[in-house]
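Asks: Quick one: the structure is below, and I'll ask about it shortly.
Coordinate-derived values only; no laboratory data. All figures in this text were calculated on a predicted structure; none of them were measured in a lab. Using ideal geometry, Cβ is built from the backbone for each residue, glycine included, and neighbour counts are taken over all protein chains shown.
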Amino acid sequence: MATSPSGSKLSSDPSDLPQPGTPDHGELPESWSVHSPDLEIVRRLVHSERIPEVLARLVVNRGHESAADVKDLLSPTLLSLHDPATLPDMAKAAERLQRAAETGETILIHGDYDVDGVSGTVLLVRFAQVLGAKVRWHIPHRTRDGYSFGDHSVKKALEVGATLVISVDNGTSAVEPIAALVAEGIDVIVTDHHEPPDGDLPPAFALVNPKLPNSEYPFRELCGSAVAFKLAWATCQRISGSEKVRPDLRAFLLEAIGYVAIATVCDVVPLVEENRVLVHFGLRALRDTRSPGMMALLERTGLSGRDLTPEDVGYQIGPRINASGRMDSAARAVETMLAEDAPSARACAETLETLNERRRAVERDVLKEALVEAEARSGDDVLVVGGEGWHPGVVGIVASRLVDRFNRPAIVIGIDEEGTGRGSARSVDGVSVLEIMKAGAPYMRRFGGHAMAAGCEIARENLAPLRDSLVARAAELGRDSEGKRLQIDARVRLEGLDSSLMAQIMRLEPCGERNPKPILMSEDVRLDDMPRIIGQDRTHMLLQIRSGAVVFKALAFGMAKREPELRIGRPLDIVYTPRLSHWRGRVELELVLEDFCVR
């Protein structure tokens with residue numbers, strides 16, 4: 001835990017700190033770069049918004065310069081959410097859902113096997129239950145059915161006698177399967193957020209997607225669950241006969257934002273504008289949830305009874321939900337989140353825990369093999385690797401690991417005994433992996449997704465030509481994937497980083513895609529004790545960093561190999577993100593190191 005003299009704070013006067021780009025005790029390493037915001041704008045925000053200078057720098061660095069923009073960023077409000085009525089086909093969709101609920105039709109919620117699809121499925125099932133509707137749900141099996149609609153969708157709809165099918169997080173490209181449902185006299189409402197195909201759209205009763213060419217919705221980066229939430233909201237307005245929703249339905253919507261928060265964080269959509277508002281209030285809803293299923297998940301992950309962060313969702317809740325669809329059937333996750341009593345919810349949560357442990361073991365094995373191939377192809381602008389028997393449930397995670405390691409898009413393909421390869425792609429800021437994948441369309445049976453994440457299915461023999469076409473396209477698009485510089489928000493005096501300032505910095509939360517966590521630099525600090533090598537694989541370090549009378553715990557993930565560089569008493573410059581750590585009921589301010597430089 002950090003210790004400091006009482007009342008120590010950073011000055012609100014920008015001239016009191018070293019100016020960005022100006023050496024203090026020495027030149028910066030070439031791989032470090034300090035933002036240089038307009039100091040006149042920084043000063044204006046310091047005085048008009050009464051915020052610390054460091055926070056003013058942080059918001060300006062993220063493109064927020066007007067007082068109104070900064071207020072929206074630092075003080076989110078539900079009033080800034082956009083009217084769902086402006087989404088394509090929303091009026092038709094809400095009317096059809098209300099009619100189905102009131103006339104006793106059977107509604108089938110058709111989800112997907114990832115966190116976004118599972119969360120949105122649970123949201124709409126619970127909403128239908130609130131309306132008193134007859135509702136069933138269906139999640140495709142990852143390996144048996146594949147992504148989105150298929151023959152399994154028609155079979156399930158006929159089996160349960162559904163006259164209305166509502167998708168979550170899929171359907172925009174499912175032309176033929178939806179046509180088959182329509183031929184059976186079944187109406188389909190598609191709620192989705194994926195990019196539409198270049199050709200025909202499916203003959204759905206309503207197609208609700210902010211990315212459609214005719215969309216007038218002001219924010220196109222919603223996740224699938226958020227689009228489903230908008231459908232529920234619009235239906236509530238219709239039932240209430242007003243934009244102001246009646247109290248019982250409003251209570252449901254406020255609870256349902258928790259499911260949207262989980263999906264928004266785990267689907268890695270930009271955490272800006274409307275998404276940031278949804279996550280801000282959704283994390284509160286999760287903290288206060290009375291759902292037995294969610295309470296069991298929070299209990300199992302040690303998150304009960306405290307404020308949640310996007311990291312809690314992304315690293316604790318999300319992987320357990322995802323493990324269900326990766327290693328077995330995503331139905332296990334839906335059953336957990338829909339559980340109606342504590343004993344069954346805890347039993348379901350334990351099942352997810354077991355599946356998650358299995359997922360970790362399989363992931364380690366596949367990653368080890370994928371890294372060998374990726375190293376051999378490290379000169380490519382996009383990494384396309386594949387292996388026999390690689391579990392399709394972990395290829396997306398492995399792709400993310402390769403992106404983190406090599407700082408470029410990666411596509412990881414697992415090939416089964418029949419010669420079918422199922423792949424997942426992940427990307428980096430500034431490069432659309434979906435655009436890259438379009439170049440390989442002749443070699444794929446199907447593919448789809450969005451700029452940061454996509455999936456595909458191929459035949460074994462097409463792996464090599466697919467790789468060649470994607471690498472060539474990535475080279476055409478171009479990106480400086482080498483020599484990436486560490487972008488530092490501001491220099492600060494470490495002894496001034498106290499709980500009061502941290503509370504101000506935390507106003508940037510929730511942080512995530514396109515709203516990054518603050519990265520600060522402090523110079524001329526010292527190691528207070530010898531580093532401890534930690535972690536199951538012994539690749540991390542735990543440090544004690546001193547500046548004057550202040551001592552902070554600092555975590556250096558993946559830096560154990562740099563331990564020989566460190567000596568007690570030698571001056572250091574450190575780059576880090578400050579965070580609050582929760583442990584056994586205590587909250588401590590600690591640092592997560594991004595890099596360090598020994599003087």
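Asks: Got a sec? How would MET541, MET437 order by Cβ neighbour count within 10 Å, fewest to most?
Replies: On the way: MET541 22, MET437 27.
Starting with the residue having the fewest Cβ neighbours, the order is MET541, MET437.
Asks: For a test of the definition: using alpha carbon positions, the gyration tensor, and the 1.5 limit on a/c, classify region 80-269 as rounded, prolate or oblate.
Replies: Numbers: a/c = 1.40, a/b = 1.19, b/c = 1.18.
Rounded is the answer for region 80-269, as its axis ratio a/c remains below 1.5.
Asks: Rounded, prolate or oblate, given the Cα gyration tensor of region 414-522, with a/c below 1.5 counting as rounded? Provide the component values of the computation, followed by the final result.
Replies: On the way: a/c = 3.73, a/b = 2.62, b/c = 1.42.
In terms of gyration-tensor shape, prolate.
Asks: Same structure again: To the nearest 500 deg cm²/dmol, what mean residue ellipticity at 222 nm is calculated for the chain from DSSP H runs of n ≥ 4 alone, each contributing -39,500 (n - 2.57), summed and divided by the residues? Please report the intermediate quantities before stating the final value.
Replies: Details: 18 runs with 231 residues, N = 599.
The helix contribution divided over the chain gives -12000 deg cm²/dmol.
Asks: Loop-only trypsin sites (Lys or Arg not before Pro) in region 208-247, please: DSSP not H, G, I, E or B, and at most 11 other Cβ atoms within 10 Å. Intermediate results must be reported in sequence, preceding the final value.
Replies: Details: sites: LYS211, ARG220, LYS230, ARG238, LYS244; in loops: LYS211, ARG220, LYS244.
For trypsin sites (Lys or Arg not before Pro) across region 208-247 that sit outside H, G, I, E and B with at most 11 neighbouring Cβ atoms in 10 Å, the list reads LYS244.
Asks: Hey, got a sec? Which trypsin sites (Lys or Arg not before Pro) in region 470-559 land in a DSSP loop and have at most 15 other Cβ atoms within 10 Å? Please report the intermediate quantities before stating the final value.
Replies: On the way: sites: ARG473, ARG479, LYS484, ARG485, ARG491, ARG493, ARG507, ARG514, ARG526, ARG532, ARG538, ARG546, LYS553; in loops: ARG479, LYS484, ARG485, ARG493, ARG514, ARG538.
Hits after loop and neighbour filter: LYS484, ARG485, ARG538.
Asks: With equal scatterers on the alpha carbons only and no solvent term, can you work out the Debye log10 of I(q)/I(0) for the chain at 0.06, 0.08, 0.11 1/Å?
Replies: Once normalised to I(0) and log-transformed, intensities are -0.33, -0.60, -1.13.
Asks: Grab every C-alpha pair in region 198-349, bin the distances at 5 angstrom width from 0 up to the longest one, and report whole percents.
Replies: Over region 198-349, the share of Cα pairs per 5 Å bin runs 2, 9, 15, 20, 19, 16, 11, 6, 2, 0 percent.
Asks: When averaged across all projection directions, what area in nm² does the alpha-carbon convex hull of region 488-599 cover?
Replies: Numbers: hull surface 30.8 nm².
Mean projected area of the Cα convex hull: 7.7 nm².
Asks: Hey, another quick one. Do you know the relative contact order of the chain, to the nearest whole percent, from alpha carbon pairs under 8 angstrom that are 6+ apart? Walk me through the intermediate numbers first.
Replies: On the way: 1218 pairs, mean separation 82.1, N = 599.
Here the relative contact order equals 14 percent.
Asks: Okay, next question. For the pair THR103 and ILE534, what calculated FRET efficiency results from E = 1/(1 + (r/R0)^6), where r is the Cβ-Cβ distance and R0 = 51 Å, to the nearest 0.05?
Replies: On the way: r = 60 Å, r/R0 = 1.18.
That gives a FRET efficiency of 0.25.
Asks: Would you order MET294, MET337, MET559 from fewest to most other beta-carbon atoms within 10 Å of each residue's own beta-carbon? Could you put the intermediate results ahead of the total?
Replies: Numbers: MET294 23, MET337 26, MET559 20.
Sorted ascending by nearby Cβ count, the order is MET559, MET294, MET337.
Asks: Is there a quick way to get the dipole size of the chain? I mean about its Cα centre, with the Cβ of Lys and Arg at +1 and of Asp and Glu at -1; what is the value in debye to the nearest 20? Could the numbers behind the result be given before it?
Replies: On the way: 72 positive and 88 negative charges, 246 e Å.
Dipole about the Cα centre, nearest 20: 1180 debye.
Asks: Tell me the Rg and the Dmax, in Å, that the Cα atoms of region 377-477 produce.
Replies: Answer for region 377-477, Rg first and Dmax second: 11.8, 36 Å.
Asks: I would also like to ask the following. Fewest first, what order do GLU27, GLU274 take by the number of other Cβ atoms within 10 Å? Present the calculation step by step, with values, prior to reporting the outcome.
Replies: Values: GLU27 9, GLU274 21.
Ascending number of Cβ neighbours within 10 Å: GLU27, GLU274.
Asks: Within region 297-389, which GluC sites (Glu not before Pro) sit in a loop by DSSP and count at most 13 neighbouring Cβ atoms inside 10 Å?
Replies: Numbers: sites: GLU299, GLU311, GLU335, GLU340, GLU350, GLU353, GLU357, GLU363, GLU369, GLU373, GLU375, GLU388; in loops: GLU340.
Filter output for region 297-389: GLU340.
Asks: Check which residues have an amide H placed less than 5 Å from VAL592's amide H, if you skip close sequence neighbours.
Replies: LEU555, THR577, ARG579
Asks: Would you calculate the separation in nanometres between label points at HIS152 and GLU565, each defined as 7 Å from the Cα along the Cα-to-beta-carbon direction?
Replies: Taking the two extended label points, one gets 4.8 nm.
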